[in-house]
Amino acid sequence: MTKKVKPFMVERNFLILMTGVFINGLGSGIYSVAGMLLVLNLSGSVLYSGFAFFAITSASALSFLIAPLANYAKYRNGLVYSNLIKAIILFTIPLLNYTIGLNVWYVIILLFITALFTQYTYPIESTILPIIVGKDHVVEANAYLQTIRESMDIAFIAGAGIIITFIGTVPAISITAICLVLVTISYAFFNFQQPDISRESSQSIGSAVNFYFIDLRAGFNYIRNSLVPKMIFSIVFINIAMVIMTTNLPAFSLAKGNGIEATYGFYLASMSLGIMIGTIITPKLKHINFGKLVIITFIGTGIMWMGTSTLPLIPSMILFSTGAISIGILNILVFSSIQKQVETAYIGRVITLISSAAAIGMPLGSLVGGVLGETFTPEIPVMICGISMIIFSIFWLSSSVLRKLPDIDNVNLFKHSETNQLEHENI
């Protein structure tokens with residue numbers, strides 16, 4: 001008798017989720033390239049690219065307020081209607097383009113609104129996974145799903161640049177809207193049994209907000225005396241530098257590729273490839289002292305990205321991808337250490353705090369990047385990002401606590417007792 005190694009992979013609802021993730025990956029890859037290029041084409045200014053990134057990153061910074069709203073509707077309905085609304089919103093872009101014309105501010109506002117809906121739907125997809133596959137398979141299913149997501153990002157973003165070169169940005173956004181309609185149809189076939197949420201739904205808005213901020217305060221109390229605040233500062237700094245660079249990436253790519261729009265997609269795909277390589281090799285590096293690993297890899301990233309700003313297209317793209325490997329390593333090590341050391345009841349709160357705090361500086365970085373790109377050539381912000389990675393390494397090197405961090409299995413992020421945390425929760 002043949003043993004079923006991965007029974008969740010043939011589960012009906014998991015296949016529906018995978019189908020939705022696959023189609024959504026195609027649409028998102030095209031949209032991430034086409035949206036920014038459309039803003040640049042309509043405005044002719046990198047400053048407006050900064051405004052567009054400001055809109056998108058502002059939605060990310062608001063994620064800690066938006067995500068809890070997922071508990072006030074049936075999960076299937078939330079996924080179906082939110083994706084349908086996103087599709088309708090995106091269909092207005094070609095409609096206006098071929099009738100009265102498009103305004104760059106209209107496109108930027110739509111980027112913000114669709115980003116808000118993404119902050120709503122992504123937590124639902126994460127929440128329904130254990131409902132669909134069961135708790136015994138959730139780790140394996142989640143890892144499988146995330147690997148597929150990252151792999152598709154590389155292929156679809158690179159392909160998006162080629163598609164846009166041939167058909168243009170507005171028709172490409174129409175493809176994204178069609179993909180969202182298909183996702184809507186796919187998710188309409190979900191038939192999993194959702195846990196009863198009537199109690200949560202019957203709460204008043206004031207009561208729900210009060211409970212949410214009590215949980216958030218408990219999470220803050222949990223990390224207050226740990227090493228996490230120092231790490232958050234570092235991650236905020238990296239994110240600001242990254243957004244300064246990515247705001248200018250469309251103009252930078254066009255300059256390197258002699259105006260060929262596909263180049264932007266290739267640069268985005270090369271970054272995704274580097275992050276994925278970092279994710280894959282991290283288990284092989286976890287025995288190295290965490291502090292030394294971060295310092296060495298990010299010095300390398302800084303040097304490579306400085307080279308990215310000055311070298312011709314092909315070597316520039318290779319260095320850009322190689323430099324991104326450290327980002328994948330840092331992401332896995334930080335979040336793995338949190339998942340390993342934080343009590344189960346606090347994992348969601350701690351990760352929410354870190355993610356939201358890390359996103360706080362991104363809107364500012366997008367505006368700074370837009371001003372720098374408008375004032376100087378787009379190579380300058382990329383050079384600044386590379387220098388910032390070296391400054392980040394120097395900060396870790398100058399901190400004896402961070403510099404001497406042992407390998408990730410022996411890092412002690414939380415020095416206070418579990419009893420104290422339970423007391424915090426009861427306050």
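Filter region 23-62 for residues that are among the aliphatic types (A, V, I, L, M) and open to solvent by 40 Å² or more (accessible area, probe 1.4 Å); which is nearest to T247 (Cα to Cα)?
L47
So that you can scan it fast, the table gives a plain yes or no per residue for (1) open to solvent by 70 Å² or more (accessible area, probe 1.4 Å); (2) out of contact with any strand residue (DSSP E or B) (no Cβ under 7 Å at 6 or more places or on another chain); (3) modelled with pLDDT of 75 or more; (4) of a type in the set (G, A, S):
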| site | (1), (2), (3), (4) |
| --- | --- |
| V170 | no, yes, yes, no |
| A177 | no, yes, yes, yes |
| V181 | no, yes, yes, no |
| I185 | yes, yes, yes, no |
| F189 | yes, yes, yes, no |
| P195 | yes, yes, no, no |
| E200 | no, yes, no, no |
| I205 | yes, yes, no, no |
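Checking G78 against (1) in contact (Cβ under 8 Å) with a residue 12 or more places away in the chain; (2) open to solvent by 40 Å² or more (accessible area, probe 1.4 Å): exactly one of these is not met. Which one?
(2)
Here are the criteria: (1) over 18 Å from the mean Cα position of the chain (by Cα); (2) open to solvent by 10 Å² or more (accessible area, probe 1.4 Å); (3) of a type outside the set (V, I, T). Tell me which single one F252 does not satisfy.
(2)
Are any residues in region 284-319 among the hydroxyl-bearing types (S, T, Y) and either under 23 Å from the mean Cα position of the chain (by Cα) or surrounded by 17 or more Cβ atoms within 10 Å (Cβ to Cβ) (or both), and if so, which ones?
T297, T301, T308, S309, S316 - these are the residues of region 284-319 that are among the hydroxyl-bearing types (S, T, Y) and either under 23 Å from the mean Cα position of the chain (by Cα) or surrounded by 17 or more Cβ atoms within 10 Å (Cβ to Cβ) (or both).
Taking region 81-117 as the search range and keeping residues that are open to solvent by 60 Å² or more (accessible area, probe 1.4 Å) and β-branched (V, I, T), which one is nearest to G50 (Cα to Cα)?
Result: I109.
Restricting to region 297-329, give me the number of residues that are within 18 Å of D407 (Cα to Cα) and touching a residue at least 40 places away in the same chain (Cβ under 8 Å).
5
Please pick out the residue among F266, F233, F237 that is surrounded by fewer than 17 Cβ atoms within 10 Å (Cβ to Cβ), under 20 Å from the mean Cα position of the chain (by Cα) and farther than 12 Å from L330 by Cα.
F233
Any idea which of (1) of a type in the set (A, V, I, L, M); (2) under 15 Å from M231 (Cβ atoms); (3) modelled with pLDDT of 70 or more is the one M304 doesn't satisfy?
Unmet condition: (2).
Just checking, does region 360-378 include any residue being free of Cβ contacts under 8 Å to residues at least 60 places away in the same chain, assigned to a helix (DSSP H, G or I), more than 30 Å from Y122 (Cα to Cα) and among the hydroxyl-bearing types (S, T, Y)?
yes
Might you check whether a residue that is more than 22 Å from P250 (Cα to Cα) and at pLDDT 70 or above occurs anywhere in region 105-112?
Taking region 105-112 first, the residues more than 22 Å from P250 (Cα to Cα) are none.
No; the residues of region 105-112 include none that is more than 22 Å from P250 (Cα to Cα) and at pLDDT 70 or above.
Give T322, T279, T246 a once-over and let me know the one that is within 20 Å of S388 (Cα to Cα), surrounded by fewer than 23 Cβ atoms within 10 Å (Cβ to Cβ) and under 22 Å from the mean Cα position of the chain (by Cα).
None of the others qualify; the one that does is T322.
The values are calculated or read from the model by the stated rules, or taken from the named source; none is laboratory data. All values reported here derive from a predicted model rather than from experimental measurement. Positions of Cβ are generated from backbone atoms using ideal geometry, with glycine treated the same way; all protein chains shown enter the neighbour counts. Ligands, DNA and RNA are stripped out before the accessible areas are found, and what is left, the full protein with its side chains, is counted by its heavy atoms. Shrake-Rupley method; radii C 1.70, N 1.55, O 1.52, S 1.80 Å.
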